[in-house]
Structures are given as structure tokens and as C-alpha cells.
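Read through the structure below, which is laid out as C-alpha cells, and then see the notes.
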There are 2 protein chains.
Amino acid sequence: LPADAAPSRVWVAALPPVGSTLELSADESHYLVRVCRVRPGARVDATDGCGRVAELVVRATGRVVAAEVNSLDAQPRRRCAWVCCGAPEGERADWLVEKLAELGVAVFQPVDCERGAWRATPARLERWRRLARAALRQSRQAWLLDVREPLPIERLSDILPAGGTRSVADPAGAAWITDFGEPCVIAVGPSGGLSGSEKDALRALEFRPIRLGDSRLRTETAALLLTGMWAVG
Amino acid sequence: LPADAAPSRVWVAALPPVGSTLELSADESHYLVRVCRVRPGARVDATDGCGRVAELVVRATGRVVAAEVNSLDAQPRRRCAWVCCGAPEGERADWLVEKLAELGVAVFQPVDCERGAWRATPARLERWRRLARAALRQSRQAWLLDVREPLPIERLSDILPAGGTRSVADPAGAAWITDFGEPCVIAVGPSGGLSGSEKDALRALEFRPIRLGDSRLRTETAALLLTGMWAVG
């Protein structure tokens, strides 16, 4: 790995104890061998995406990289955000998923609304999860974005974490805020917008309507901006 | 145009006086006829992207839509941001350009740096300009994002607007700020990062280093977050 650029971190499904050897997935092996050009003996950062971070020593390269766990640490999740998002147009969720993972969001919950439903095929969910792993690697997180299956908006109340703060992007809302509590739950309507009764239901769930400047924003842009405000806060 | 969704705004290169008739471009005609399904007699919002906004009445549809200018107003630019950005990886500038246009940024200035140069072919610049026009339309701005040709970072000082505030994304910078002045100039390094001497040069130009949370962000994510902070502020 080049010494001047901070190397990325590989993702492994599970990290065995120090001294054990593990095999990396085809994706991660390809990344290490073809992109980073690691050789046996190289030290590589790894995470299981559930807070554990390891230093690995590469023992064998090839289509499958074998590596030994040299050290193992647990990193608590310091902050926690959920993004509950209506369907944007076209394939625009792809980059949203990447960006949310890059910002360290905990949960991406696609939400089916009156004016927009997701077409979340198994292939699409798998693509989002692959994008989330790639972003985990690139941004050196210890926690993987949990990409969930779509849920009807009426069922949001069943799954939301308790406490914290809840915010919904709304052009008619208050000016932006900096007091995001934890967990921070963010909701954004689909490209067709939230219906009146959906807005009422979110208000009953204590979502604060937040105005994101003067522009008319696309779903994915509003989601990213609101998440960005949490991330930099 | 559907009455419940706020209709988009078409872009025209120049707006003639009230009472004149104009022909829309192939792109805009296609959008009106195929996407919005307008008929003769329909009223349509238009802008020249330089602050003028008109109501048009469609006179003839087809491959080229003809329309008459019914009213014409000038909207001053209320806020002004420049984004001076190093090259991100791959085609990631495409969505950055779209998002900056959506947020109402005035100028997108690609910057060639020691650790990253743009490959801004004429085709790529034209694609960015088309994306900017599409975002103008969708977000109903009156001002079009000015997509400029790349410039070496040493030449930034020659072209920056005077006054206002200048900020550069920097993991070693201060916590985020809300006091963006106008014009607001934002700088972000390329995917390889800014070199030490480039950071010094920006500091000499009074760019304040701003830290954007704890994550290691890609160029385009940092640019969008910093711009988002300006947009919502």
C-alpha cells in the first residue's frame, strides 16, 4: 500500500481471534491484489462492519487472499443516524446509499409512500449492500451501513429507535438546526413528495419539519443534505 | 402540466420581449412534449438562466415547440457561491455538477492540482453543461450554474471574486461554521488530496480550513457537504 495515501480498510464477514488465519472474499481479494498490489507480509486494516477492527498480515495472495489476524480492537459506535427515505427517481438511490455509508449512517430504511414506491429487487438490494461495503472500505469506517428492505410508511413507527431526535425534510419547515440528538432519525419523502396525511403521521411521531434552503431539492439531495448536517454537527 | 406537482421550468438561451414568439431547443421541446405532454395553449415557466423568468404560452408543439412570451421578470441573484474543486475519481463529477446546480451554485470551477488533474474533454464539459441545464429546469432556479474549464490551482487567485468568505475542506481544520459570507467560495482538493504547498497557497488566499465531521470523505462528498452548509445556512 502506498505510504502517503491512507490505505483503505477491507471488509470481512467475521473476524476470528488474534493468531487465526482467514480468507478474504473475492471482492476484497481483488481489491487488495489488483488495486493495492499487496504482497505476502503486507499489513492491512480490516473490519467486520460491526465495530471490530483488525490488523491483518497477508500470508498468501491470489484469487483468494489469506491473512492472519495480528490485532483486534472493538470500536463503539459513537453516533447513530437512521435515514428513512422515499423512492427517488431512476437509479439515484445508488449514489445516495454510497454517500450515506461514507458519512457513517447506521441504517438506510427505504420507505414506500403514497406517491412513490421502491422497486427494490433482490439484485438492487445486493447492489446497494455492495456499494455500502465499498464505501465502508474507502472511508475506513468500523460500522457498515445496514441496508434494509422497503417498508410501508405506516409501519415506520414499529421499527424506529426510541429517543433522540427525528427530522423530516420539508420546504414549509423551520430553518435548519444543529441540535441533532442521538439516535438521529431523518425522513425524506419520495420524488412525488409526502401526502398531507403522511406529513401528519410523521408529525405525530415527533418528526420536526426542517427546511433545507431555498432550492427545490430532489429526494436524494435532501436526504444527503440533512444527513450531512448531522454528520458535520 | 399536472396541477398538483409544481411544474419544472424550461431553459432558453435568450428571452425576447413580451409578445414575441420563440422556438425552444430540441431538448426542451422534447421535455415539454414527451415528458410534460403540453398542448398548444399551455402556460409554461421559462428562464434564460441569467435571472430572467418568463411565462410562455405554447403556440405550436412538435419536434420544436413555439411559444409566446406572456410576461417577463428579472430576479436578482440573492446569494452567490463558487465551488473550486479538484478532480474526483472516475465520473463522479457528473452528479456533483447536477447537485451544485440544484443547490443554486453560481460557478463550478474545476481545479487542476499536483495530485489530480481533470480530463475535461469538450464532450465532458458539454455533458456537465447539459446536466446543469436539466437541474436548473428541475429545481426551478433563475440562474444557471456556470461550468468553467479547468484551471491550474496556482491561477485561482486571478479569478476569485473579491470579499465574502473562502473555505476549504480540511480534516485538520476547524469545526463547521455557519457564517458563510457572500460571495461564498468553497475549495476542495482532488481525490489524492491537496499538497502541503497547495494548502499553504490557499491559506495565503484566506481560505479557512473547515473540518466536515469524522468520516474520510471523497472529493465530491466534501464539496457537496460544504456547499450544502452554505445552501441551508
- Message: When a/c reaches 1.5 or more, the comparison of a/b and b/c decides; with that in mind, is segment B:118-233 rounded, prolate or oblate per its Cα gyration tensor?
- Response: prolate
- Query: Could you give, in nm with one decimal, how far A:E182 is from each other copy of that position, shortest first, with labels 7 Å out from Cα toward Cβ?
  - Reply: 3.7
- For n ≥ 4 DSSP H runs only, could you compute -39500 (n - 2.57) per run for chain B, divide by its residues and tell me the 222 nm figure to the nearest 500? -7500 deg cm²/dmol
- Calculated FRET value between A:V35 and B:E182, using beta carbons and R₀ = 35 Å, to 0.05: 0.25
- Message: Suppose we keep just the alpha-carbon trace of the protein assembly as shown; what are its Rg and Dmax in angstrom?
- Response: 23.7, 81
- Task: Calculate the length of the line joining the C-alpha centroid of segment A:159-227 to that of segment B:174-223, in whole Å.
- Result: 27 Å
- Note on the structure: Of the residues A:A14, A:A204, A:P122, the Cα lying farthest along the dipole of the protein assembly as shown towards its positive end, which is defined by charges on the beta carbon of Lys, Arg, Asp and Glu, belongs to A:P122
- Using a simple charge model, +1 on the beta-carbon of Lys and Arg, -1 on the beta-carbon of Asp and Glu, nothing else, what dipole does the protein assembly as shown show about its Cα centre, in debye to the nearest 20? 500 debye
- Task: Can you tell me the relative contact order of segment A:140-225? Whole percent, Cα pairs under 8 Å, sequence separation 6 or more.
- Result: 36 percent
- May I ask you to derive the relative contact order of segment B:61-152, considering only C-alpha pairs under 8 Å and at least 6 residues apart, and to give it as an integer percent? 32 percent
- Message: Would segment A:58-158 count as rounded, prolate or oblate if I go by the C-alpha gyration tensor, calling it rounded below 1.5 in a/c and otherwise prolate when a/b exceeds b/c, oblate otherwise?
- Response: prolate
- Starting from the eigenvalues of the Cα gyration tensor, five times each then square-rooted, give me the equivalent ellipsoid semi-axes of chain B, largest first, whole Å. 37, 17, 15
- Query: Quick one: length gained pulling A:R130 to A:Q75 fully straight, 0.36 nm per residue minus the C-alpha distance?
  - Reply: 17.6 nm
- Total accessible area buried between chains B and A, 1.4 Å probe, in Å² to the nearest 100? 2900 Å²
- Query: Where in segment A:43-148 are there trypsin sites (Lys or Arg not before Pro) that are in a DSSP coil and have at most 11 other Cβ atoms within 10 angstrom of their Cβ?
  - Reply: A:R63, A:R78, A:R119
- Item | Accessible surface, per residue, of the protein assembly as shown when the full set of protein chains is kept, probe 1.4 Å, Å² | 44 Å²
- Message: Based on DSSP loop calls and a cut-off of at most 16 other Cβ atoms within 10 Å, the longest stretch of chain A free of exposed GluC sites (Glu not before Pro) is what?
- Response: A:92-205
- Can you find, among A:A67, A:Q109, A:L156, the residue farthest towards the positive end of the dipole of chain A? Put +1 on the C-beta of Lys and Arg, -1 on that of Asp and Glu. A:A67
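The values are calculated or read from the model by the stated rules, or taken from the named source; none is laboratory data. Bear in mind the structure is a predicted one, so any value in this text is a computation, not a measurement. Note: ideal-geometry Cβ built from the backbone for every residue, glycine included; neighbour counts use all protein chains shown. Heavy atoms of the whole protein, side chains included, go into the accessibility calculation; ligands, DNA and RNA do not. Shrake-Rupley method; radii C 1.70, N 1.55, O 1.52, S 1.80 Å.
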